[in-house]
Amino acid sequence: MVGPQIFKFPMKAIKFITSFIALMFAAGFGTVSASAETVIITISVNDAAERYYKVQEFMKEIQGSQQQAQARVATINEEGKALEQEYQELVEQANSDILTEEARNDAKEDARIKYQEIAQKQNELRQFAENVQRQLAARQGTQMSLFTKEIMEVVTEVSKERGASIVLDTSGISQNGMPSVISFDESIDITQEVINRINADAPPAEEAAAE
C-alpha cells in the first residue's frame, strides 16, 4: 500500500536563505557622520545556527518525531496490505465456481465492505502524513525564529563592541542565486566569536560537539 511520504527536515544544515543582509544597527549607529570611518563586519548566520547547541538539540527532537511518524506510517501500510489481501480473497470467492450463488453474493458484499475499509485506511494514512508535516513545519518555524532572534542579539552585541555600522551575512543568497557577499577578509568575520558566545552556557556534551 503506497502512501504519502513524510516530509523530511534537513538534519545537518539549517538554511537561512536570506536576501542581501546589511544590518544597520539603529541603536547607536543610526547617525554615523560622513567623516566617520565605516566599519563593516561579516557573519555566516547559517554556520552560527548549525553550530548553536540549542538548534542541534532541537533538530535531534525533530528527528525523533520523524522516526515515530515513520513507524506509524509503516504500521498503517501493513494494516492496508492486510486489508488488500483480504479483499483479493473475497473477490476470488465471489467469482468461484465451486461456491453456491448465495455464498458468492455474500462474498461480493463482504468484498464491497472491505474495499471501503481500504479506502478509509488510505485516507487515514494521507491525513496522518499531512498532519505530521504541518505540525513539524510549524514547530520548526516557531523554534528557528526564536533561535535566530537569540543569535542576532549576540551579533548586535558584538557589532556594538567593534563599533560596526554594517554587518553582512555571508550565507545570504541574492535573487539570482549568487552569494550576497562574493569575497571578504576573514579578519572582519565574527562568526566564530558569535558561536562561542551563543554556546557559552551549553552543557559539556553539546559544547564539545559544536567545536
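The values are calculated or read from the model by the stated rules, or taken from the named source; none is laboratory data. Remember, predicted model here, so these are calculated numbers, not experimental data. Please note: Cβ atoms are built from the backbone with ideal geometry, for glycine as well, and neighbour counts cover all protein chains shown.
Of everything in the range 82-118 that's assigned to a helix (DSSP H, G or I) and of a type in the set (Ser, Thr, Tyr), which residue is surrounded by the most Cβ atoms within 10 Å (Cβ to Cβ)?
Our first condition is that a residue be assigned to a helix (DSSP H, G or I); within the range 82-118, this holds for 82-94, 101-118.
Within this subset, residues satisfying the condition of being of a type in the set (Ser, Thr, Tyr) are 87, 115.
Numbers: TYR87: 19, TYR115: 15.
The selected residue is TYR87.
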> Which of the residues belonging to the range 85-112 are in contact with a helix residue (DSSP H, G or I) (Cβ under 9 Å, 6 or more places away or on another chain) and β-branched (Val, Ile, Thr)?
Replying inline: VAL91
>> So if I check each of THR75, THR148, which one is closer than 30 Å to ILE41 by Cβ, among the β-branched types (Val, Ile, Thr) and out of contact with any Asp or Glu (no Cβ under 7 Å at 6 or more places or on another chain)?
In response: THR148
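Does VAL167 count as of a type in the set (A, V, I, L, M) and either in a helix (DSSP H, G or I) or in contact with a Gly (Cβ under 6 Å, 6 or more places away or on another chain) (or both)? Before the answer, list the steps.
Numbers: of a type in the set (A, V, I, L, M): yes; either in a helix (DSSP H, G or I) or in contact with a Gly (Cβ under 6 Å, 6 or more places away or on another chain) (or both): no.
No, not satisfied.
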>> Just checking, does the range 194-201 include any residue being more than 9 Å from ILE43 (Cβ to Cβ), free of Cβ contacts under 8 Å to residues at least 60 places away in the same chain, under 29 Å from the mean Cα position of the chain (by Cα) and in a loop (DSSP other than H, G, I, E, B)?
In response: yes
> Of (1) at pLDDT 95 or above; (2) farther than 30 Å from ILE195 by Cα, ILE98 satisfies all except one. Which?
Replying inline: (1)
>> Here is a list: GLN127, GLN120. Which entry is modelled with pLDDT of 95 or more and closer than 30 Å to MET59 by Cβ?
In response: GLN127
>> What's the number of the only condition in (1) closer than 28 Å to GLN68 by Cα; (2) of a type outside the set (Phe, Trp, Tyr); (3) modelled with pLDDT of 95 or more that GLN140 fails to meet?
In response: (3)
>> Pairs please, first residue from the range 27-54 and modelled with pLDDT of 60 or more, second anywhere and in a strand (DSSP E or B), Cβ atoms under 6 Å, 6+ apart in sequence or on different chains.
In response: ILE40/ILE166; ILE41/VAL167; THR42/LEU168; THR42/ASP189; VAL45/ASP169
>> Quick test of your reading of the structure: ALA71 fulfils all but one of (1) farther than 30 Å from PRO204 by Cα; (2) of a type in the set (A, V, I, L, M); (3) under 14 Å from the mean Cα position of the chain (by Cα). Name the failing condition by number.
In response: (3)
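With in contact with a strand residue (DSSP E or B) (Cβ under 9 Å, 6 or more places away or on another chain) and of a type in the set (Ser, Thr, Tyr) as the only criterion, which of THR148, THR142, THR191 stands out? Walk me through how you get there before you give the answer.
Details: THR148 fails: in contact with a strand residue (DSSP E or B) (Cβ under 9 Å, 6 or more places away or on another chain); THR142 fails: in contact with a strand residue (DSSP E or B) (Cβ under 9 Å, 6 or more places away or on another chain).
Being in contact with a strand residue (DSSP E or B) (Cβ under 9 Å, 6 or more places away or on another chain) and of a type in the set (Ser, Thr, Tyr) holds for just one of THR148, THR142, THR191, which is THR191.
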